[in-house]
Amino acid sequence: MEIHSWRDMLDPYDLAVRELITKFEHLQYEHKVRGIYCPIERVTGRVKSISSILDKMQKKHVEISEIETRFEDLAGVRIICQFVEDIPKVVHMIHERTDMHVKYEKDYIEHMKSSGYRSYHVIVDYEVQTMMGPKKIQAEIQIRTMGMNFWSTIEHSLQYKYKQNIPPHIREKLMKCAEAIVHLDSEMSSVREEIMDAQNSMRTQEHLVAQILLQIQNLYSMANKREIAKIQDEFYEIYRENDMEKLEHFHRQLDIIAEGYQAQSLTYPPLCS
Ligand code: 0O2
């Protein structure tokens with residue numbers, strides 16, 4: 001196939017990858033603004049490289065004309081989760097969507113590959129709109145924990161270096177590492193509640209601090225500079241104490257101060273108006 005034909009073939013897959021990344025990142029955003037825990041930690045994606053397609057064609061005896069039907073991972077999206085428990089939640093989210101249709105799933109978590117590879121794959125049909133009209137393509141969504149991703153990224157680069165012939169002593173080490181990752185994931189799951197509590201408090205505090213800073217900024221148009229400087233100093237002092245209750249109290253006090261100023265400006269309209 002000529003270079004421009006490869007590009008013609010792969011362009012819709014590139015569009016699909018970019019759209020899918022945006023859609024999953026938007027889900028993250030929606031959770032964040034609502035202060036809800038999101039099972040998606042990070043989203044990445046890629047269109048399979050031409051050399052990787054050529055390698056796979058050779059390995060699986062696939063003709064050029066069969067590429068799009070035989071290879072389901074020309075468009076690949078990877079969703080990284082913090083905990084193993086997040087993975088079925090992400091799978092459920094995908095099933096619930098109407099803009100993609102699940103064709104089938106591969107559970108390499110329940111059934112680890114002999115290499116030690118663990119990940120959950122969902123193959124979807126997805127439609128993109130191109131200059132030539134709509135095009136239905138397949139995309140592979142890999143869902144895995146940070147630990148699983150760490151392992152498979154390292155192992156993948158070794159596969160590239162050794163061209164599928166990783167020496168036995170390295171294979172053995174990789175298998176041990178894969179087992180260690182299984183253990184790590186399960187240890188992380190056992191302290192999941194604590195980790196999530198800590199992350200929740202961090203998010204709540206960030207949200208509160210942002211609101212307080214906005215309140216102080218709004219006061220600039222109402223209060224005098226000396227008073228604002230005093231309020232700011234008080235805020236820094238409370239912030240250093242790291243006491244959420246005091247921060248919440250301070251937030252409420254600022255509301256009252258702002259309401260007071262607003263009432264004053266309604267009582268005494270500017271003389272020049
Ligand atoms: P790349 O470079 O990521 O595109 P199968 O015959 O079913 O075993 P198939 O059809 O490739 O093989 O499907 P499979 O096994 O679900 O693999 C799809 C993708 O999952 C792979 O794409 C890898 O990204 C990943 N994967 C599968 N097995 C392994 C593994 O043992 N190690 C690592 N690191 N990744 C794996 P490609 O085309 O292999 O590579």
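The values are calculated or read from the model by the stated rules, or taken from the named source; none is laboratory data. Fair warning: this is a prediction, and the values are worked out from it, not measured in the lab. Cβ: placed from backbone, ideal geometry, glycine included. Neighbour counts: every protein chain shown. To get the accessible areas, we keep the full protein, side chains included, count just its heavy atoms, and leave off ligands, DNA and RNA. Shrake-Rupley method; radii C 1.70, N 1.55, O 1.52, S 1.80 Å.
Could you tally up the Lys pairs in region 66-215 with alpha carbons closer than 22 Å? Skip any pair fewer than 8 positions apart unless they're on separate chains. So the count of such lysine pairs works out to 14.
Sorted largest first, the principal axis extents computed over the alpha-carbon atoms of the chain equal 84, 50, 32 Å. Across the chain, the relative contact order, built from alpha-carbon pairs under 8 Å that are at least six residues apart, equals 15 percent. For the set Val191, Val122, the ranking by accessible area, highest first and with no ligand, DNA or RNA atoms included, is Val191, Val122 under a 1.4 Å probe.
Per-residue ellipticity at 222 nm computed for the chain from its helices equals -20500 deg cm²/dmol, with DSSP H segments shorter than 4 residues left out and the rest contributing -39,500 (n - 2.57). Within the same chain, lysines fewer than 8 places from Lys230 are excluded, and of the rest, those with a Cα less than 25 Å from its Cα are Lys246. Measuring nothing but protein heavy atoms, the accessible surface of region 50-171 at 1.4 Å probe radius is 55 percent carbon and sulfur. With R₀ fixed at 22 Å, the C-beta to C-beta distance from Lys103 to Lys59 puts the FRET efficiency at about 0.50.
Taking the DSSP bridge list for the chain and keeping only pairs wholly inside it, about 75 percent are antiparallel.
Summing charges over all other residues whose Cβ lies under 13 Å from the Cβ of Glu63, with Lys and Arg as +1 and Asp and Glu as -1, gives +1. Stretching the chain fully between Val209 and Ser5 yields a gain of 68.1 nm (0.36 nm per residue, less the alpha carbon separation).
Our coupling estimate for region 245-257, obtained by passing each phi through the Karplus curve with A = 6.51, B = -1.76, C = 1.60 and θ = phi - 60°, is 4, 5, 5, 5, 4, 4, 4, 5, 4, 4, 4, 5, 4 Hz, Gly and Pro reported as x. The C-alpha atoms of the chain define a longest principal axis, and helix 50-60 lies at about 40 degrees to it.
Relative to the dominant Cα principal axis of the chain, helix 86-96 is inclined by about 80°.
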